[in-house]
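Colleague: Below: one structure in structure tokens.
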Amino acid sequence: MKKIIKKIIAYVFIIFFIMFFIQNVIYKSYNNNYIEYSKFITELTQNKIKEVKINDKEINVIKKNNDIYNTYIPIDDNKLLDTLLIKNVKIIGQEHNKSNNNIIITIISSWIPILLFICFWIYFTKQIYNSSKKAISFNKNKSKLSKSNKIKITLKDIAGCDEAKEEISEIIDFLKYPNKFKKIGGKIPKGVLMIGPPGTGKTLLAKAIAGESNVSFFSISGSDFVEMFIGVGASRVRNMFDQAKKNTPCIIFIDEIDAVGKKRGIGINGGNDERDQTLNQLLVEMDGFEINQNVIIIAATNRPDMLDNALLRPGRFDRKIYINLPDIKGREEILKIHTRNVIISNDVDLSLIARSTPGFSGADLSNLINEAALLTVRLKKKKITMNELEKSKDKIIMGVERNSMVMTNKQKELIAFHESGHVIIGYLIPKHDPIHKVTIIPRGYTLGVTCFIPKSDSINENLKKLNGQISTLYGGRIAEELVYGKKNISTGAYNDIKVATLIARNMITKWGFSEKLGPLLYNNETNDSIFLENNKITTKYISDATLYMIDQEIKLIIEKNYIKARNLLIKNIDILYSMKDALIKYETLNYKQICNIMNRKII
Ligand code: ADP
Ligand code: ZN
């Protein structure tokens, strides 16, 4: 905004000076036309004057030969009027105009409104011109037109989504050998919708199609279409398709299509004209070109439920490709891809990192390697080792180590006891995931962490394992209780309690593990559907008696596992103390150190 004001002021000044200059010149030339009074009197007596306009002391004179000049009356000339009458000169009196005396004020007062108007006019026409220009050259501003020779991404650069890769290889084939498909009469979709969480490689897959089949690649984000000016988005869509048609075969990639493709007519304002227009234009364009024009539109979203149904109709985005977060194997492969161009030391075990990064997307893993590389440089090391990778992983999961956080020795001891409780129960309880490490270095919001590594991504949990998890979660709280007494326990177990309660609740209401309540779904939550945000439906179809029973059963599960953990910890109280000592000494303990302590060996 400041810029705009500065611009306007600059315009005002420039135009003002130009006007001032012009007016000055005119004024001067006007001034030049003044002649002395005596000459006027002479001409008057010579009968040369036709008309005078008298304005106070200034006289505008028109001669009989139509020459015009001005003159000033030097003193009060009482005889002038008589002489003029005698000589039959036409006399016109003019209103006395003071401002005439001050030419600068005249200029300012008469020109400033006009000036301001001109400035605003220039400014706004410029604005409108700019925005329309933006709309016209969609590839210059907002979207990148990259020709295939620039896209070097191939299927080899993508891992962890084998099904999606298979599906796109069909599209690649079509783009490579269109005639083969046309002969058979096969239909290749015009529109492909890639559905998956952020960072799972949707853009990457679209680029790989272009890279593999050597076609042009246009990309634009759905949010680029949504503009302030009505009609700009629609014209952008039109232009995008025009360009694409000129560059066939090609791929148009629309990221975040939900920004334009939201269901029409819903939302807080009950709809958005600009977005609706843009979406309509998109639909019109998609219907307008033939399948055999070799243009394939790929759109990406992580909210398919938000999309307008019209977009998903046959002939539009009727092919859907789902991309999920990578599993262990996928994560390891992605890590391999991203470590191709960095120097890693021989001790690095990518499968171990893959195992300990459940829920990481491809982008997270790429970020992990990048962070580790940066850390390696910072530490002035030559190769990335396991240490850097572990540190970067922890940073991504838990936030940066808070080295500066001051902790009293008392607090540190409490956290060490708490975490040791988790470790010991996790180690001893049957069927628990193997322990990975424990730390009392505070990060982000957590004060200490015990990490377990699942052997495989847990899709199915069994009863024993779930019970073990609950016991382990209470390990921290129980350790505090045993050491400090019931009255001195901390609030640090909040999250443990929350997770444990949730597991127990799910065991009973969703997974059918309760004998009493049977294998039924007791779902009392609000309707899951996300796109009904505006009219959430709450259905209560569980009786109060059943709810009471559910609560009782949850309590029972928790109590059972709590007592189990408590007994285990009491039996191994000596280990609790030695584990605490080790934690205070080293702050982080790895699997080997933990095993030694558990076997009552000195570390
Ligand atoms: P999306 O479009 O799904 O949000 P991107 O394709 O933009 O995700 O992924 C961002 C980055 O993450 C990519 O440039 C790539 O480095 C990495 N990445 C994501 N998924 C994968 C994958 N499946 N294989 C390899 N790298 C991946
Ligand atoms: Zn805890």
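The values are calculated or read from the model by the stated rules, or taken from the named source; none is laboratory data. Predicted model, so just to flag it, every value in this text is computed and none were measured. A quick note on method: Cβ atoms are made from the backbone with ideal geometry, for glycine too, and the neighbour counts reach across all protein chains shown. The protein model used for the area step is the full one, side chains on, heavy atoms only, and it has no ligands, DNA or RNA in it. Shrake-Rupley method; radii C 1.70, N 1.55, O 1.52, S 1.80 Å.
Colleague: In segment 212-225, is there at least one residue being of a type in the set (Asp, Glu), open to solvent by 40 Å² or more (accessible area, probe 1.4 Å) and assigned to a loop (DSSP other than H, G, I, E, B)?
Modeller: Initially, segment 212-225 is screened for residues of a type in the set (Asp, Glu), giving 212, 224.
Subset that is open to solvent by 40 Å² or more (accessible area, probe 1.4 Å): 212.
Remaining after also requiring assigned to a loop (DSSP other than H, G, I, E, B): none.
No: zero hits.
Colleague: For segment 73-108, how many residues are modelled with pLDDT of 70 or more and either open to solvent by 80 Å² or more (accessible area, probe 1.4 Å) or not in a helix (DSSP H, G or I) (or both)?
Modeller: Selection size over segment 73-108: 19.
Colleague: Do we have Ala479 as at pLDDT 90 or above, out of contact with any strand residue (DSSP E or B) (no Cβ under 9 Å at 6 or more places or on another chain) and within 16 Å of ligand 2 (Cβ to nearest atom) here? First the steps, then the outcome.
Modeller: On the way: at pLDDT 90 or above: yes; out of contact with any strand residue (DSSP E or B) (no Cβ under 9 Å at 6 or more places or on another chain): yes; within 16 Å of ligand 2 (Cβ to nearest atom): yes.
Yes.
Colleague: So which residues in segment 164-191 are within 28 Å of the chain's Cα centre (by Cα) and either open to solvent by 40 Å² or more (accessible area, probe 1.4 Å) or away from ligand 1 (no atom under 14 Å from the Cβ) (or both), if there are any at all? Before you say what the answer is, go through the steps one by one.
Modeller: Kept after step one, since they are within 28 Å of the chain's Cα centre (by Cα), are these residues of segment 164-191: 164-165, 168, 190-191.
Result: Lys165, Lys190, Gly191.
Colleague: Something else now. Would you say Ala373 is open to solvent by 20 Å² or more (accessible area, probe 1.4 Å) and within 16 Å of ligand 1 (Cβ to nearest atom)?
Modeller: Numbers: open to solvent by 20 Å² or more (accessible area, probe 1.4 Å): yes; within 16 Å of ligand 1 (Cβ to nearest atom): yes.
Yes; evaluated as a whole, the condition is true for this residue.
Colleague: Another question, then. Taking the residues in segment 192-201 that are within 13 Å of ligand 1 (Cβ to nearest atom) and under 17 Å from Leu307 (Cα atoms) as candidates, determine which candidate is surrounded by the most Cβ atoms within 10 Å (Cβ to Cβ). Break it down into steps so the answer makes sense when it comes.
Modeller: First, pick out the residues of segment 192-201 that are within 13 Å of ligand 1 (Cβ to nearest atom): 193-201.
Retained after the next criterion (residues that are under 17 Å from Leu307 (Cα atoms)): 193-198.
Working: Leu193: 25, Met194: 29, Ile195: 21, Gly196: 22, Pro197: 13, Pro198: 11.
Once the filter is applied, the top-ranked residue is Met194.
Colleague: I'm trying to understand the selection: among the residues of segment 336-352, which are under 20 Å from Pro434 (Cβ atoms) and within 14 Å of ligand 1 (Cβ to nearest atom)? Can you show your working first?
Modeller: The initial filter retains those residues of segment 336-352 that are under 20 Å from Pro434 (Cβ atoms), namely 347-352.
Across segment 336-352, the qualifying residue is only Leu350.
Colleague: Now for a different question. Which condition does Asn367 not pass, out of (1) part of a helix (DSSP H, G or I); (2) more than 16 Å from ligand 1 (Cβ to nearest atom); (3) not small (Gly, Ala, Ser), if it passes all the others?
Modeller: The number of the failed condition is (2).
Colleague: Continuing with this model, one more query. What pairs come up if the first residue lies in segment 499-518 and is in contact (Cβ under 8 Å) with a residue 24 or more places away in the chain and over 15 Å from Tyr474 (Cβ atoms), the second is of a type in the set (A, V, I, L, M, F, W, C) and loosely packed, with under 13 Cβ neighbours inside 10 Å, and their beta carbons are under 6 Å apart, counting only those six or more places apart or on different chains?
Modeller: Qualifying pairs under 6 Å: Phe513/Leu463.
Colleague: Scan segment 179-199 for residues that are touching a Pro at 6+ places or on another chain (Cβ under 9 Å) and over 15 Å from Ala299 (Cβ atoms) and report the count. Give the steps one after another, and end with the answer.
Modeller: So the first thing to find is which residues in segment 179-199 are touching a Pro at 6+ places or on another chain (Cβ under 9 Å), and the list is 188, 193, 195.
After this cut, where a residue has to be over 15 Å from Ala299 (Cβ atoms) as well, the list is 188.
Within segment 179-199, residues that are touching a Pro at 6+ places or on another chain (Cβ under 9 Å) and over 15 Å from Ala299 (Cβ atoms) number 1.
Colleague: Is one or more of the residues making up segment 401-414 more than 16 Å from ligand 1 (Cβ to nearest atom), at pLDDT 90 or above and of a type in the set (A, V, I, L, M, F, W, C)?
Modeller: The answer is yes; a qualifying residue exists.
Colleague: When residues of segment 279-325 are filtered for being of a type outside the set (Ser, Thr, Tyr), part of a strand (DSSP E or B) and under 24 Å from Val226 (Cβ atoms), how many remain?
Modeller: Within segment 279-325, the first condition is being of a type outside the set (Ser, Thr, Tyr), and the residues that meet it are 279-300, 302-321, 323-325.
Keeping just the survivors that are part of a strand (DSSP E or B) gives 295-300, 307, 319-321.
Now restrict to residues that are under 24 Å from Val226 (Cβ atoms): 295-300, 307, 320.
Result for segment 279-325: 8.
Colleague: Conditions first: (1) open to solvent by less than 70 Å² (accessible area, probe 1.4 Å); (2) out of contact with any Pro (no Cβ under 6 Å at 6 or more places or on another chain). Asp327 passes all but one, so which condition is the exception?
Modeller: (1) is the only condition that Asp327 fails.
Colleague: Let me ask you something else. Evaluate segment 488-496: report whether one residue or more is at pLDDT below 90, under 26 Å from Leu325 (Cβ atoms), away from ligand 1 (no atom under 16 Å from the Cβ) and open to solvent by 60 Å² or more (accessible area, probe 1.4 Å).
Modeller: Within segment 488-496, one or more residues are at pLDDT below 90, under 26 Å from Leu325 (Cβ atoms), away from ligand 1 (no atom under 16 Å from the Cβ) and open to solvent by 60 Å² or more (accessible area, probe 1.4 Å).
Colleague: Let me ask something else about it. What tally of residues in segment 354-372 results from selecting those that are hydrophobic (A, V, I, L, M, F, W, C) and touching an Asp or Glu at 6+ places or on another chain (Cβ under 8 Å)?
Modeller: Here the count works out to 2.
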